[in-house]
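The values are calculated or read from the model by the stated rules, or taken from the named source; none is laboratory data. Only a predicted model underlies this, so the values are computations on that prediction, with no experimental measurement involved. Every residue, glycine among them, receives a Cβ derived from its backbone with ideal geometry; neighbour counts consider all protein chains shown. All accessible areas refer to the heavy atoms of the entire protein, side chains included, with ligands and DNA or RNA removed. Shrake-Rupley method; radii C 1.70, N 1.55, O 1.52, S 1.80 Å.
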Amino acid sequence: MSTDLRARAWVEVDAASLRRNLGRIREAVGPGVGLIPMVKADAYGLGVTRAVGVLEGEDPVAYGVAAVDEGIELRELGITRPVVVFSPTDRGAVDEAVRRGLSLAVSDPEALAALAGAAGRVGTAAGFHVEIDTGMGRAGFDWRDASAWGPAVNAAHGQGLRWEGCFTHFHSADVAASDSARNQWARFRTALDALEPPPGLLVHACNSAGALRCPEWAAGAVRPGIFLFGGRAGDLPDRPLPVASVRARITRVREARAGDTLGYGATHVAAPGERWATVGIGYGDGLPRSLGNRGQGLVRGRRVPIIGRISMDMTVVDISRVPGAEAGDVVTLIGSDGEETITVEEVAELASTINYEILTGLGRRLPRIWTDHGS
Ligand SMILES: *Cc1c(COP(=O)(O)O)cnc(C)c1O
C-alpha cells in the first residue's frame, strides 16, 4: 500500500483487474462478438490515458465516449481505431469530430445532414452509427417510424458518409425483474428490418448488464462500462474484480476529551477515551459528504467510523479501537485492507446513489496511481 509519500490521498487503479473484468465480459458473450469499451468521463473517473493503455492490448473493435472532446483526447493519445461519440453532438463540434475521424451517433435526419455538411467541408468521409430509440427516450430515431426516417438513412451511406453501425440502449438490463430488454430488442429488430444497411454493419445493444444478463442479444458488439471499472452492474450476481481503491493518510491524531465537539455543526461529541484521526480527504475529493457520521474507513485492517461532518478537505475517523494507529497511516475509504473491504457499492448505498456516480465523482485532486496486481 505504499505510494507517493507526498500524496495526502489518491486513487489506486489496478490494470490486471480491469483486464480480467473485460475478459469476463468476453467470456459471457463468446468469441466473435466485438468489444466497445466505454471510456467516457475519463474512463469512469479512473483515468482514460492509462485505461486505454491497458485496453489497447485487448484489441477492442472501437471505443465509446460521450463527447467530441473525449474522442479528441483518444486521438491525441495516438489511438487510431474507431471511436464512437454516443451522446448527440452539438452542431458546433461536428466539423472537428469529422476532422479527427470520430464516428458520431445520429438520432435524427438533421444530425445526418449536419454530418454530411461537415464531411463536405472537411473533405473526408464521416462515419456514423444510427441510434434507435426503443424506450430510453433521451436519443435515437423512434423505432416505430423507421419507414419514415429509414430512406434518409439508407441514402446517406456513400454520399460522403459511412454508415458503420446501428444500436439501441437498454434502460433496465440491470434489474432482474424487468422483461423490458426483451421488448426493446424486439422493437430494435423491427426497426432494423425496415432498413437497408450496408454489409458489415456493426449492430450493438448491450451495456455491462446487458452483456452479462442477455448475451443472446450481444449481436456484433457490446458496450461495457461500469463492470470493466469494478462496479457491479445493478443487481446482477456477477461481481467484477475491484479496480479502484480510494486511500488517504492520517495527517493528525489527537486524544479527545469527553465533551469535545467535532466538525461543522459540532455533530459529534466525544465520549470518554476517544482517539480521533484527521484524514486528508474530503468532499472536495469526491468523498460523499453524506458519509459524515455514517460511513467507515479501514485502518490497519479494521473498520473505523467516520465521525462528524465531512469537510471539503478533511475527514475524521475514530481510531479508539485501533491500537498504534498514528499519523502517516493509510486509511482506505474504498477498497480492501487486510481482510476488510469497503466496496464502491457500500459507499454508493450510504450516499443514496449508484456506483457510477461515486467513481465519476472522484476528484481531480486525487492522483490516479496505477498498479498491475490483480486481486
Ligand atoms: C455509458 C454507456 C454504456 C455503458 O453502460 P454501463 O452500464 O456502464 O456498462 C453503454 N452504452 C451507452 C450508449 C452508454 O452511454
Q. Looking at (1) within 16 Å of the ligand (Cβ to nearest atom); (2) part of a helix (DSSP H, G or I); (3) in contact with a Pro (Cβ under 9 Å, 6 or more places away or on another chain); (4) of a type outside the set (S, T, N, Q), which is the only condition W149 fails?
A. (1)
(Q) Condition first: over 23 Å from I25 (Cβ atoms) and either touching a strand residue (DSSP E or B) at 6+ places or on another chain (Cβ under 6 Å) or buried (at least 21 other Cβ atoms within 10 Å of the Cβ) (or both). Can you find one or more residues in the range 70-80 that meet it? (A) no
(Q) For a quick check of your reading of the model, give me the residue pairs whose first member lies in the range 137-166 and is under 13 Å from L104 (Cβ atoms), whose second is at pLDDT below 95 and in a strand (DSSP E or B), with beta-carbon atoms closer than 8 Å and at least 6 apart or on different chains. (A) W163/H157
Q: For residues that are surrounded by 24 or more Cβ atoms within 10 Å (Cβ to Cβ) and either aliphatic (A, V, I, L, M) or at pLDDT below 95 (or both), scanning just the range 197-212, find the one that is nearest to G150 (Cα to Cα).
A: A205
(Q) So, in the range 155-196, how many residues would count as being open to solvent by less than 40 Å² (accessible area, probe 1.4 Å), closer than 23 Å to L115 by Cα and assigned to a helix (DSSP H, G or I)? (A) 3
Q: Among the helices (runs of 4 or more DSSP H) lying completely within the range 35-131, list those that include at least 1 residues that are away from the ligand (no atom under 13 Å from the Cβ) and touching a Leu at 6+ places or on another chain (Cβ under 8 Å).
A: 48-55, 68-76, 94-99, 109-122
Q: Please determine, by comparing only the residues of the range 218-240 that are more than 11 Å from the ligand (Cβ to nearest atom) and surrounded by 17 or more Cβ atoms within 10 Å (Cβ to Cβ), which one is nearest to Y44 (Cα to Cα).
A: G230
Q.
Being β-branched (V, I, T), within 16 Å of the ligand (Cβ to nearest atom) and surrounded by 20 or more Cβ atoms within 10 Å (Cβ to Cβ): is that true of I281 here?
A. no
